[in-house]
């Protein structure tokens with residue numbers, strides 16, 4: 001069918017013409033229409049207007065002119081999906097919101113606010129006023145005077161400051177409380193005030209619990225404890241500890257136990273915690289458990305269940321209701337769970353009072369809970385008993401006893417099968433002790449290689465005063481009359497690994513094999529006063545050349561301290577990696593520098609910082625001379641051969657990655673002057689013993705560095721540098737690592753003896 005479309009955007013009314021000839025843009029009649037706007041978004045189309053007919057039955061409160069004069073609609077909102085329209089009405093007597101149901105043509109009141117109600121109208125809600133009593137405030141006061149307030153309704157706040165003092169008798173306290181009014185009241189957001197009373201209990205002695213000991217080593221431990229919230233006015237806390245020498249009590253110690261410090265409801269996991277999930281009682285029957293509260297009172301098996309849960313969760317202990325309320329269970333914490341079958345009865349155990357009376361008091365500050373104390377100077381492999389204490393005006397309370405055993409001796413000893421290369425200190429040569437390379441220029445050009453004169457001069461250069469008497473310190477390369485300085489060193493091993501000098505094997509064999517210095521061969525040198533000897537150890541080199549090793553003996557050549565020398569006047573400049581080997585031993589590779597080199601060289605210098613704990617003298621650097629040997633001699637006949645003159649305790653110079661070693665020996669007593677031609681004239685120091693030296697009591701560290709990572713150290717009860725008379729510390733490191741890639745660094749070696 002053909003469509004007739006007409007636009008009425010500019011239409012006018014035309015009632016004179018016949019309907020058949022009404023022109024475009026005009027219309028015969030228009031009742032309740034709209035053209036320019038449309039309720040259905042059809043702009044330009046004639047549509048009937050909706051809602052401009054009177055709806056019957058409007059005589060309701062809020063809409064009727066009789067019940068609400070001057071009522072008028074101030075807004076509306078259509079809800080087409082629900083076939084409803086919502087009207088917002090205001091009038092002289094009431095305001096309201098009304099719903100017009102288009103389907104059944106009815107009007108419903110949604111809400112109305114009126115000053116003139118009729119019986120059928122809603123009742124106006126009057127909000128109540130909140131009073132202090134409505135809050136149901138409860139006040140508490142702890143033994144130390146701290147106030148606490150709570151309320152059923154509203155937010156309470158104590159206007160009364162904490163009393164801040166304990167009382168000797170139970171005391172009634174009055175607390176003024178301010179409550180913030182909650183919502184739903186006429187005074188919401190405002191405050192109401194009132195007072196409540198609470199009883200401050202009389203102060204009692206503190207309640208203190210000893211916790212597990214941690215960080216247990218051979219010589220140290222960290223003690224831990226806490227005092228509970230029931231404690232008040234605590235003025236002092238700390239520990240008493242002593243070796244478990246035996247007492248008048250009988251106790252049972254368990255090899256495996258678990259301490260419960262908190263509960264989830266009534267349950268606790270028995271594990272070391274995620275992610276380990278290890279249960280010390282896995283597969284253990286409840287009948288094989290001993291459960292005790294903080295006071296040591298046994299909790300019977302009828303009061304708990306031991307549950308084995310499926311999955312990764314650990315086993316659980318659940319306390320039954322007949323144990324009491326949850327709060328009562330909490331009051332018994334910490335609870336210790338132990339396996340009965342692992343218990344060991346000690347009939348001579350100490351009591352807490354005995355630990356206090358015979359033990360060492362370790363006070364703790366500041367006063368707080370929990371609290372800890374680090375203890376040092378303990379003996380390795382020793383069982384100790386410790387109690388915690390807390391003091392207030394009512395008295396001092398001791399905890400139960402906690403036992404711990406220090407780790408068995410873990411003294412760092414020199415490995416028994418490893419070789420070490422140590423430097424040897426020298427003094428200043430005299431004119432008579434010139435290096436053999438210079439003999440020809442001093443009138444001896446006619447002498448042959450086998451001349452005793454030449455041999456003796458060479459020997460003198462490498463003998464007693466210049467070498468063997470001073471092992472253990474200074475750099476390998478020493479300042480001597482040879483061009484660039486000669487290399488002086490000795491070789492040792494750990495021997496039996498017990499740190500005792502007499503158990504260190506010698507590195508020589510006493511052979512009469514001919515010895516060469518690179519230019520000359522000495523035939524059967526045993527006839528000479530200062531004999532050269534070859535060595536059990538063999539040498540190999542990586543460098544510009546293969547240096548010749550000479551050995552000095554000084555009398556008895558079969559000694560662990562026998563020294564060696566490399567004459568650098570006949571060697572090319574550069575770095576030399578020297579490997580020392582011997583059958584049955586771990587070889588050692590170190591490095592020394594001859595002449596001028598371009599590659600980076602690293603040097604570590606060490607300064608000894610001696611300290612002590614307990615009663616006894618602070619250790620100091622050892623020194624002495626006994627006629628055959630000397631160490632760190634500051635003065636006397638001949639040249640001063642001390643650490644300072646030798647350049648200090650030095651490792652290097654050497655390239656990155658190469659290791660070296662030095663030994664620092666020490667004493668704690670000053671001996672009488674030695675006798676003989678080499679006695680010390682003015683120092684008053686000679687080789688002395690370290691009375692009752694115990695290596696387990698020695699703490700060694702390098703400031704800012706980590707042992708086993710940056711360096712290693714080993715303890716001698718009697719060090720080879722002092723030929724068995726004094727203890728010593730061997731330090732081994734790669735200077736490039738210890739220095740953190742810095743060329744030259746001086747490090748502090750902390751040596752503390754814990755008497």
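Here are some notes:
- Sole residue being under 32 Å from the mean Cα position of the chain (by Cα), closer than 30 Å to residue 753 by Cβ and not assigned by TED's automatic domain parsing to the domain that holds residue 162, chosen from 259, 221: 221
- Scanning segment 347-358 for residues being at pLDDT below 85 and crowded, with 17+ Cβ neighbours inside 10 Å gives a total of 1.
- The one condition in (1) modelled with pLDDT of 75 or more; (2) under 27 Å from the mean Cα position of the chain (by Cα); (3) surrounded by fewer than 22 Cβ atoms within 10 Å (Cβ to Cβ) that residue 408 fails to fulfil: (1)
- Here residue 426 fulfils each of the conditions (1) buried (at least 16 other Cβ atoms within 10 Å of the Cβ); (2) at pLDDT 80 or above apart from (2).
- Filter result for residue 691 (modelled with pLDDT under 95, buried (at least 18 other Cβ atoms within 10 Å of the Cβ) and in the same structural domain as residue 661 (by TED's automatic domain parsing)): no
- Within segment 565-579, the set of residues being in contact with a strand residue (DSSP E or B) (Cβ under 6 Å, 6 or more places away or on another chain) and crowded, with 23+ Cβ neighbours inside 10 Å comprises 565, 566, 568, 571, 576.
- When segment 725-746 is filtered for residues that are assigned to a loop (DSSP other than H, G, I, E, B) and buried (at least 18 other Cβ atoms within 10 Å of the Cβ), the ones remaining, listed by number, are 725, 726, 727, 734, 739.
- Residue identified as at pLDDT 90 or above and within 42 Å of the chain's Cα centre (by Cα) among 210, 175, 203, 237: 237
- Residue in segment 267-280 that is touching a residue at least 12 places away in the same chain (Cβ under 8 Å) and either under 30 Å from residue 165 (Cβ atoms) or in contact with a helix residue (DSSP H, G or I) (Cβ under 8 Å, 6 or more places away or on another chain) (or both) present: no
- Residues in segment 300-318 that are part of a loop (DSSP other than H, G, I, E, B) and surrounded by 13 or more Cβ atoms within 10 Å (Cβ to Cβ) were compared, and the one that is modelled with the lowest pLDDT is 313.
- Enumeration of residues in segment 227-252 that are out of contact with any helix residue (DSSP H, G or I) (no Cβ under 6 Å at 6 or more places or on another chain) and either surrounded by 17 or more Cβ atoms within 10 Å (Cβ to Cβ) or at positive phi (or both): 227, 231, 232, 233, 234, 237, 238, 239, 241, 244, 246, 251
The values are calculated or read from the model by the stated rules, or taken from the named source; none is laboratory data. Not measured: the values here are computed from a predicted model. Neighbour counts run over all protein chains shown; Cβ positions are idealised from the backbone, glycine included.
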